[in-house]
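The values are calculated or read from the model by the stated rules, or taken from the named source; none is laboratory data. Owing to the predicted nature of the structure, the values given are computational and were not obtained by experimental measurement. Cβ atoms come from the backbone with ideal geometry, glycine included; neighbour counts cover every protein chain shown.
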C-alpha cells in the first residue's frame, strides 16, 4: 500500500479527465483499444497524451524508486491502461496478470520479479464500490496452479492511495455494488526484455502520442519509447 501517493485534488482532476474521455463506456463498447475483462468490466489502453501524459501518474518518483529495487534499473512501462467496472458489475474471477515464464510451477515461483503493477483508484474503494482481493505470497506458493498459504486481503483506499503488487499474485476485482462506475488506472512495469503477450495480443498495451513522447524528459521517454517503436 502506498498511502497518499497523490493528493485527493490531483486524483479528482485525473478522474474528471477520465470521465470526459471514457464516461460513456458501456459493456457493449467495442474498439481496438478496449477489451472486456469480466462482467461489465472493460480494460482501456490509455493514450499517453493530455492529462494521461503527466509523469506523476506513470513515472511517479516514489513508485519508480521501489520498482528500481524490484526490477533493477533497466525497466520499461509495459502497459498503461484503465479498468472500469460498471455499476452492478459482478466479482471478477480470480486470476494472475502474468502466466509465468516457463509453464513450470517450481521455476515460475522461484524467479525474481519481472513485472509489477501500480494500481491507482480514481474513486474510494470500499465494500460498496468494491476493492481488489489479493492473495499475498501466492506468486511463491502454488499447488496445481492455485494459490496456497496466507489469507486474502481486500484493502480499502482513499483518493490518492495506491497499491503496488507483483503481477504474478492471484487477485480479482470485487463486485461494484454502487450506482456509479469504478475507474482504476494500472501502470505495469517490466524488466526491459519482457513483453506481455497474454493480455495484449488483440489490443495495444498503451497508445503513445508521438508529440507527447517527444516533449517528455528523457528519463520518462525511455519508459515507453519501445511501444512507439513497435507501433510504427
Do the conditions hold for residue 159, that is, is it over 14 Å from the mean Cα position of the chain (by Cα) and at pLDDT 90 or above? yes
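Do we find that residue 137 is at positive phi and free of Cβ contacts under 8 Å to residues at least 60 places away in the same chain in this structure? Before the answer, list the steps.
Numbers: at positive phi: yes; free of Cβ contacts under 8 Å to residues at least 60 places away in the same chain: yes.
Yes.
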Number of positions in region 1-60 that are outside any helix (DSSP H, G or I) and more than 17 Å from residue 162 (Cβ to Cβ): 26
Scanning region 162-202 for residues that are part of a loop (DSSP other than H, G, I, E, B) and under 12 Å from residue 80 (Cβ atoms), the one modelled with the highest pLDDT turns out to be 196
Residue 56 - would you say it is free of Cβ contacts under 8 Å to residues at least 60 places away in the same chain and surrounded by fewer than 18 Cβ atoms within 10 Å (Cβ to Cβ)? yes
Residues of region 196-212 that turn out to be in contact (Cβ under 8 Å) with a residue 60 or more places away in the chain and loosely packed, with under 15 Cβ neighbours inside 10 Å, as a count: 3
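Give the residues of region 97-110 that are surrounded by 17 or more Cβ atoms within 10 Å (Cβ to Cβ) and either part of a helix (DSSP H, G or I) or at pLDDT 90 or above (or both), sorted by residue number. Please lay out each step first, then the result.
Of the residues in region 97-110, the ones surrounded by 17 or more Cβ atoms within 10 Å (Cβ to Cβ) are 97-98, 100, 108.
Within region 97-110, 97, 108 qualify.
Yes/no matrix, rows are residues, columns are (1) crowded, with 16+ Cβ neighbours inside 10 Å; (2) in a strand (DSSP E or B); (3) modelled with pLDDT of 90 or more:
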position: 116; (1), (2), (3): yes, yes, yes
position: 127; (1), (2), (3): no, no, yes
position: 130; (1), (2), (3): yes, no, yes
position: 133; (1), (2), (3): yes, yes, yes
position: 136; (1), (2), (3): yes, no, yes
position: 140; (1), (2), (3): yes, no, no
position: 149; (1), (2), (3): no, no, no
Could you list all residues from region 77-95 that are surrounded by fewer than 21 Cβ atoms within 10 Å (Cβ to Cβ) and either outside any strand (DSSP E or B) or over 12 Å from the mean Cα position of the chain (by Cα) (or both)? 86, 87, 88, 90, 91, 92, 93, 94, 95
